Each structure stands twice: as C-alpha cells, then as structure tokens.
Ligand SMILES: Nc1ncnc2c1ncn2[C@@H]1O[C@H](COP(=O)(O)OP(=O)(O)OP(=O)(O)O)[C@@H](O)[C@H]1O
Ligand SMILES: [Mg+2]
C-alpha cells in the first residue's frame, strides 16, 4: 500500500505542487511574521545593551518634561563632570552630547532625511571605551573641522575617510573632514540604523544648542565596584542631579524602543493575520477540489478490492508527505519573507539598517519628535488614530478562531449577527473604543459576506460580467462565464481571498481620500492671509534658520512675517493636577519606588503635559484664521498663553487669569491668558504660547522656528518674487523649503500618501496570495476539465481561444472578488467614518476616489488574467487525443 | 468479398477522404507497435462507411489520423483535396472545426453548455452564423426541439448522442467521423442514431465514417472495411448483419 501511495503521489505531481503551494503560503506568512517579531526584539535588545555597555552610571537633570514625543531633560553644566569625577570608585566620567539636532547633506546637495526612522544624532567624541560605538577605521575627530560617523551611514551615502562632509545644524551649515568610522559590537561592524555623527566637544555642544553643557554625564566604575555602588557614590557628590545605573538607563531606552517596535510588530502581525486568512481560503479551496477528485479514485480503489484501511492509509501518507515538505518549505519561505518585510519596512520607513534593530533612545525619535512631526499631528490629528485603532480592530477580528473547513452557512450567519452587534455597540458609543468594535464587527461581516454571500452571487455576477460578450454570441466568453459559475462555492472561495484584500485596500483608499480632502479644506481655511510658508524638512529638529524671521521683513513686498515655534510644558492649574492625580505615571512611580533613581528623583510637579504652538503676538492671530479671538494677543509677551475658548471655559480660565505652568528648563512659571480663539487647527490645537515665552523656557535644541508664515502684498508677481528672495536667503540650507499655500497643503497631505503607500505595500502581500490562489484553483480546475478541453479542441477550438477562455474565467473571478470587496470596502469606510465622526461631526467628509477605485478594478482584472497565464498555457498545451481519452 | 488490398479508386461520386499507405507506430525498438501498418483506403462522398475489426486493430488510430487529431508516422491522409501533413496545428484545428464532424463513444458534450449551444459550438467557435434553417431541420430530425435548453446532465445517454450527431451535422462538414457512437447505448437508442445517420447520408448527401463492433450497426452502412493488425484485410459492400457476423467469426478463427 505504501507503494500505491507513493506511486499515486508521483503520478499526480501537479496536484502535489498546488496543494503544497497553498500550505507553503499559509505557513510562510504565519512563520514570517513570527520570525520578524522575534528578530526585531532580539536584535534590539542586544544592540541597545551594546550601545550603552560602557555606562555604569548616568548623571542627568532631575527636571523632566514628559510629552507625547517622549521625555525631555535639560542639559547639565560642564563643571558637574569634574564633581562627578571626584566620586569614589569611579574610573572615568565624561559629559555626553546626544542630540537629534543635525542632518547630513548628501553628495547630491540634498539633506539625507531620517524620515520616520531613527534620527541623525550628534555625539561628542570621547577617547574612552565609555563611548557608544567602536572605531573600525580611522580615528576620532581631533580638530574642530573633523568628524567621525557610523560606517553604515558612510557606506549608504558614499562617504569615505578623507572626504569633506557637510552637516546642517540649527544655526549653521559647516563642512567637516571625515576621519573615522564606527559601529556597534566588539568589532564595530554592526549597525542600528541610527546615524551617529561624532565631533569634538565644542562643536558637538554648539550643534546641540547647549554650549558649555552636556546632555548627560556617563561614568564608568573601577574594577570591583558595582553599578549600584557607583551610582550611590556619584549621587553623593552631585546631590542635586539625578543618577541612574547603566542598566537602568539601558532599560529605559530599550523600553522606549520596544514600544515603537511593538507597534511595528503589531502592524506586521495584523497583516500576517490578513495574509493567513487569505491563504486559508486558498488551502480550503485546494483541499476541497482535491477531495472531490480523490472521491472517484478512492471509490475505484475500493471497488477493485483495497481495504478501507489501506485507502485511508494511502491518503494519510500522501497528506503527511505533502504537509511535511510544504511546511518545511513554508518555514524557509517565511524566514525569507521576514527578511523581505524587514527590507520593506526598512526602505519605506527607514527604521533601521542591516542588522534589524533600532538604536536605543532615539530610534523612535524621528517618529515622535521634531516640530514637523508635531505639525503633522496637528494638521490631521485623526490620521494616526485611525491607523492605530483600525489595526487593533482587524487584530481582534482576524485573531478569532477561523477554521475555513468548518465554515458553514450557520457560522456565516453567526458572524454577521456578531459583527452587527459589535458595530451597533461601536456606533452607539456604548463602549469606550468605538473603532475597535466597529473594526472587529466589520471584519466579521467581511468574512461572512465573502463566505456566505459569495457563492450566491458568483453565478449571477459571472453572467453579468460576461454579458457584454456573451450577448453577442462569443462562445469563449460564454464558456468562461459558465466555468466561473459552475461551482459557485469554489469561485466564491477563490474570489474571497481577493475580496478580503480589496476590501482593506478600498477602506484605506476611501478613508485616505476623505481625510486628505478634509485636511486640505481645513488647512486652506486656517491659512487665512498666509501666502508663503518657510519650513525645514519634515521630521527634523533643525528648524528654519533664525535669520529668515529676522530679515524676511525687509524683502520687497513682504507684509507680515510670523515665525512659529513650539513647546512642551505642564499645566499646573487645578484641572491639570486633577488629571495628573487620576492618571499616575506608572513608570516614574515604579522607578522611584524601586530605588533605581539615585540622588534627586524626578523634580517636576504634578500636572497635565501639553504641547503648544508658539505665536508671534503682533500678527499670528491676524494671519491665521482661528475663528473669533477674544483678548489681546500682544499683552504680556514674556508669559503669554492663548487657549481655545471651549477649553478655557472647561478649565474655568478667563482672559487675564494667571495660569501656573512648569517647564523642564526653567521650572515653575506663571503664564497669563491673553486670548482665546474659537477654532483650533484641529481638535488637538488647544494651546498657544507666545514665541518669546517658548524661547525663554525651551530645553536647548527646542527653541526653533519650525515654520515662518509670510504674507505679501497682493500685487501680481509679488508672491513669486518674495518666494525667490526667500529661497535665496535659505540657499545654504537645502532642507528648508519655501512653499506657497498649494505646495504647503500638498506637502502636508503627502504624509497620508506615504502612509497609504506603506499600507498598500503590506496589503499587496494579501493580494498576491489571492492571485496565486486564483492561479492555483484554475490549475486544478483545468486538470479536472482535461477531457472537456480535449473535446473542445477536437471540435475546433483553437489554442488561442482556449487560453482566452481560461484567462477570461480568471478575470471574471478576479473582478467578481474585487467588486465584492469594493462594495464591502465602501460600506465599511462609511461605517468607520461614521464611527470616527460620532464625537465630532464635520471632522471628516466622505469622499470616494472614483478614479482610484476604477483603476483598482481594472488592475484586478488584469492581475487575474496574468494569474491565469500558467494554467491557460497548460490547458492549451494539452495533447488533444490524450485529453479526450483521460478518465 | 472482393479486393483484399484496395487501391485508391475514383468513382463518379468522388472521394471525401482517404489514406495512402498510412503507417502509425507507437513505441520503438522491441516494444514497437504498428498500430497502422500500411493502410490505403478511400471514403466516397455521400456514402456511409463502417470500419470493423478486433480490438486493438487500429480502427481508432486510423480515424484519429484521418480527422487530424493525430499524425501518421509515414504515408498520407487527405480530406477532400487537402493532404493533412501539409497543415500546421492551427490549420488542422480550423479543418476540424469547419470540415469535419465528430461523434465519440462517450463524453461528446460540453457539460456547461446547453444542448442547443453544443450543437452550434463549432460554428460559434468559428464566429460564423449558423444556417438557422438547416440547424432547425437537423434538430427536428433528431427530435431534440424541446430539449435545446437542457444541459447534457439533464439528457439521457441516447439523447446526448443525438445532440452529438446533430452537432456533427449542423456545420455541414465534408465528412463525419463517429467512433463507436452507439457503443454505450441500448439497441433501441442505437438504432435511432443509426437510422438518423443513414437518413443524413441518403437525404442530405452527408459522408459518414463510423467505427463499430456491432454487426447490426455495420449493416446500416453502404460498405464495411475490415481492419486487422493495422491492415485492411477486406471490405464488404451493402453488408447485412449476418454476413458481417459470419465474416467476423471467420476472422476470429
Ligand atoms: N497512445 C498510444 N501509445 C501506445 N500505443 C497505442 C496508443 N494508442 C493506441 N495504441 C496501440 O495501437 C493499437 C491500435 O489501437 P486502437 O486504439 O487504434 O485500436 P482499436 O481498433 O480502436 O481498438 P478498440 O476496438 O479496442 O477501440 C493498439 O495495439 C494500441 O495498444
Ligand atoms: Mg477504438
């Protein structure tokens, strides 16, 4: 019987391959995402540990500013280093500069942007093993015009030792000679993706915006002194600083990164789940076809006298062999896939370089910090929220126990009911997280629609789709139509894979288009009288060079110049304290309690952390349309705060009140409410500080103009000439752009396109699997119809016609799946938009990107045809006589 | 009984198809099988010819080669004026579609198409408009008028074969090849089909070549050709069932 099983296997190589492909795909996607998550976590852990492995204790300011973008502390003075060096048990102590305040300029003269990914960092060169990173070529910078950098950054941008490299800082652009290359690991040959640049102390301090100061101080213990002992003795000599152990420091930093990686792996896993759902449709399909094929064969075997046991054994052996081989291949494929996704994420979001890890502490800096990042959040605040919650929605929906072989109409119905209940709960706001509920509900319905409604619709849909051709008597189309609808369950299951993918694509497309159009409208409205906007490249802390704000006013035709800064601070009013009391920060409390912080604990009073834009008192509220402004924005410019009217009312503030606040750099400060306005530039745009207030209280490196708004005379041509003048003014800063309103809006909404592109990239996986599924199903169908095709060829169907019949069938399936996905997707988008705007009507106006949707459908049909090329070719190549005589 | 080795001959009727020293080998070396071992035969226009012979004698092979479904190892076959070896694959396909009709023993119909669609399939493939009056007449003759909208699975075996014959006839091909068309049918359905084929020859001047094992079926033909071991061994004009049976018995010994 073993021989029978084996012979059978060999005789049906094609069936073997198709089953195998289905299993391989499923396993590959599942294992791929697992492997990816694991690899990311592991390598991050080890690299973070590696970067700071020289640190035994870290001395930093106890002043801390929490913000949505992370934790900021003011720098420590250089003379503290000398005090630290007097501590007992200390081998060495150095002030460290670590600041994301520079960018490199590539050989093409353009700024090398960090995008969302790990940032470019300034470090000061320290000739001691304490220094993060090991030299692997050249030497450290000794003169002020020398620098060293991460070897990967150098490689990526074609820099080699001896080259002159241009670096942009907040205040200046300067050229340095590259004298050394560094990396992580003992050999200095690993990289984290972050771009560390090393300069002499003075240069580094200047670039970081804190002359005479360091970001923090790192200390190493002599042999035999533990980290705790060192931290203890250091805190004894610098009692008014905060001291943490090297381990604690590393842990805090990797936590920050872990969060980021967590989001990343969750996202990837969500797409993995989608891919697996899609793949299970294919596996389901393949097996049901094969079981049908086998039934006849088994019956024959039984008829000629094989025992039931023998038949079962043969089947099991076949299944086991196929399963084993396919799983192994799938695992290998999954690992390769993980590498692929890594590369994909790497390029799309530039998370990291070749070693699949992020640099400690700042890996996520690019994502969370940078004034432009702030603006982006402000400009379209619901955009990240959608992405986030929608993901979670899918996660729940897709994570359920989905077993395609058991799916019956009953389960489909249950899914629909369950989905509807979830959506109802979400839409009626009976639960907190509407989006999660709506998302999960939608996913349930999507599955059930694909599985239950699909088979019912497959027949009529194929007829409708081919009608234009069949009505004119095209027999090829007629055959394609009949073949697509002869087994509606199979067609539906094949199409369902595509339906799931297309639904998600359409939801994203519709929501993105809607968000884009509402954001555009909103920015257009808010820009008021602003004609030109000067800003630095996105995701950078460089800001617009100060001379723009200083000198732009003297350009011919400029009416108003309004620089915009931004700042973080903590509101200490009653409401702020109440909020803080209700949400104690688990991190800080835990770390204080565990005694891991030596010396001063965090020295910030309890309150609510907020972000504010800076305004130019003289003209901001005239240039920008924030609705009705009450009060005089020009009052008390050194301590002015403006608030959105509703917020002010809720907090019981009225114009003229004193508002207690805290800044990490300057401590407690009394602000004066000088004005209220009715419309923020979005729901998060609640507070403004005058630019002077920001400048007076900013942590070094954060006192920057992230944009300068400019109004010009209305004379024709003035705007263009001013734009040209401004461009000349910022000539040496290739990262600074001068945009008119249209260009600005375009740039602001570009981030949506980037996001959509990344999501499309991930969904493309699902769509590709779906297409392979179509190819797979068709191959099996073609096999089943060998005799039929033989007959068709015998009575005079040409090879071309036969190929087209198969391709048209694939196109019908693909378009059917796509249209179904499109309808469901649009419905979902409407539901999601409703859920999103439940609290805030008018937040989002629904907009259907018609052209895009048509393109998607046409592409799906073409993709279906492409997917059908191999089976079609096989069908056409069949030997007619053999085909006719096939059983 | 005449002429054990017939040569191509022209009659006033003309020749619809034929083979000249046709040879077809399968395999090679020791295991070589001469499925056709020098067959020369003519099929006259508007005549009904039966091919008989023991199993494995090469009947189907001969028919497949004549119909352009397979190629000879040596020798030539022709349909009308055309030698098939001069045609490429695509031309052969067109030839099958436009000038040849087929009836197989089983699985003659496309299951997804209705009886009516199956009947006009070759013309639809050609993108040609069927001659509706003619098709109607064929359909009436095979008594399928009320079954045209049915799928093959909804028809009896006899009805399915009638559809197949109707399809073979509907395009007015030069010649129809039928490989054991009644092999799967009971004798009543079988004779219906045969009667119908006879009528097509007599009334419509159709040329039909049919392979059969059944002497009764062969008796409907104008002429029977006997094939043994890939060679034509004899032929019989205006055969009767008894005469054919006797001849076969004699062959068997
Ligand atoms: N594809 C093939 N490969 C090898 N040998 C073949 C092939 N097709 C036919 N043969 C051999 O050629 C010979 C003639 O076969 P053919 O099918 O023409 O016989 P037949 O007269 O139609 O028999 P039956 O009455 O059983 O249908 C047989 O010996 C057969 O084994
Ligand atoms: Mg035969």
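The values are calculated or read from the model by the stated rules, or taken from the named source; none is laboratory data. Keep in mind the model is a prediction, meaning the values are calculated, not measured. We place every Cβ from the backbone using ideal geometry, glycine too, and count neighbours over all the protein chains shown.
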Within the bounds of the range B:100-112, is there any residue that is over 20 Å from the mean Cα position of the chain (by Cα) and within 10 Å of chain A (Cβ to nearest Cβ)? yes
Test for residue A:80: is it touching a strand residue (DSSP E or B) at 6+ places or on another chain (Cβ under 9 Å) and closer than 17 Å to residue A:204 by Cβ: yes
Residues satisfying the stated conditions in the range B:61-94, i.e. over 21 Å from residue B:122 (Cβ atoms), surrounded by fewer than 21 Cβ atoms within 10 Å (Cβ to Cβ) and either more than 16 Å from ligand 1 (Cβ to nearest atom) or within 14 Å of chain A (Cβ to nearest Cβ) (or both): B:71, B:76, B:83, B:85, B:86
Quick test for you: out of A:780, A:771, A:853, A:848, pick the one residue that is away from chain B (no Cβ under 14 Å), touching a residue at least 24 places away in the same chain (Cβ under 8 Å) and not in a helix (DSSP H, G or I). A:848
What are the residues in the range B:115-126 that are modelled with pLDDT of 90 or more and either more than 10 Å from every other protein chain (Cβ to nearest Cβ) or surrounded by fewer than 21 Cβ atoms within 10 Å (Cβ to Cβ) (or both), if any? B:115, B:116, B:119
Within the range B:135-145, identify whether any single residue is surrounded by fewer than 21 Cβ atoms within 10 Å (Cβ to Cβ), assigned to a loop (DSSP other than H, G, I, E, B) and within 16 Å of ligand 1 (Cβ to nearest atom), and answer yes or no. no
Can you pull out every residue in the range A:619-642 that is in a loop (DSSP other than H, G, I, E, B) and buried (at least 16 other Cβ atoms within 10 Å of the Cβ)? A:619, A:624, A:625, A:626, A:633, A:635, A:636, A:637, A:639
Residues satisfying the stated conditions in the range B:26-51, i.e. within 9 Å of ligand 1 (Cβ to nearest atom) and either crowded, with 24+ Cβ neighbours inside 10 Å or within 14 Å of chain A (Cβ to nearest Cβ) (or both): B:26, B:35, B:36, B:51
Is it fair to say residue A:178 is within 29 Å of the chain's Cα centre (by Cα) and in the same structural domain as residue A:100 (by TED's automatic domain parsing)? no
Of A:463, A:478, A:490, which residue is surrounded by fewer than 18 Cβ atoms within 10 Å (Cβ to Cβ), at pLDDT 75 or above and within 14 Å of chain B (Cβ to nearest Cβ)? A:463
Only listed residue being within 20 Å of residue A:475 (Cα to Cα), within 16 Å of ligand 1 (Cβ to nearest atom) and in contact (Cβ under 8 Å) with a residue 60 or more places away in the chain, chosen from B:107, B:102: B:102
Please state which one of A:533, A:523 is in contact (Cβ under 8 Å) with a residue 40 or more places away in the chain and assigned to a helix (DSSP H, G or I). A:523
List pairs: first in the range B:155-184 and within 13 Å of chain A (Cβ to nearest Cβ) and free of Cβ contacts under 8 Å to residues at least 24 places away in the same chain, second in a loop (DSSP other than H, G, I, E, B) and within 16 Å of ligand 2 (Cβ to nearest atom), Cβ under 8 Å, 6+ apart or cross-chain? none
Given the conditions (1) loosely packed, with under 15 Cβ neighbours inside 10 Å; (2) in contact with a helix residue (DSSP H, G or I) (Cβ under 6 Å, 6 or more places away or on another chain), and given that residue B:112 satisfies all but one, which numbered condition is not satisfied? (1)
Within the range A:649-703, which residues are over 16 Å from residue A:567 (Cα atoms), modelled with pLDDT of 85 or more and touching a helix residue (DSSP H, G or I) at 6+ places or on another chain (Cβ under 6 Å)? A:651, A:676, A:678
Can you give me the ranges of the strands (runs of 3 or more DSSP E) entirely in the range B:30-105 with at least 1 residues that are in contact with a helix residue (DSSP H, G or I) (Cβ under 7 Å, 6 or more places away or on another chain) and more than 16 Å from ligand 2 (Cβ to nearest atom)? B:48-52, B:74-79, B:100-103
All but one of (1) part of a helix (DSSP H, G or I); (2) within 14 Å of chain A (Cβ to nearest Cβ); (3) free of Cβ contacts under 8 Å to residues at least 24 places away in the same chain hold for residue B:129; state the number of the condition that does not hold. (1)
Exactly one condition in (1) surrounded by 24 or more Cβ atoms within 10 Å (Cβ to Cβ); (2) assigned by TED's automatic domain parsing to the domain that holds residue A:823 is false for residue A:545; which is it? (2)
Checking residue A:795 against (1) crowded, with 22+ Cβ neighbours inside 10 Å; (2) in contact (Cβ under 8 Å) with a residue 24 or more places away in the chain; (3) within 14 Å of chain B (Cβ to nearest Cβ): exactly one of these is not met. Which one? (2)
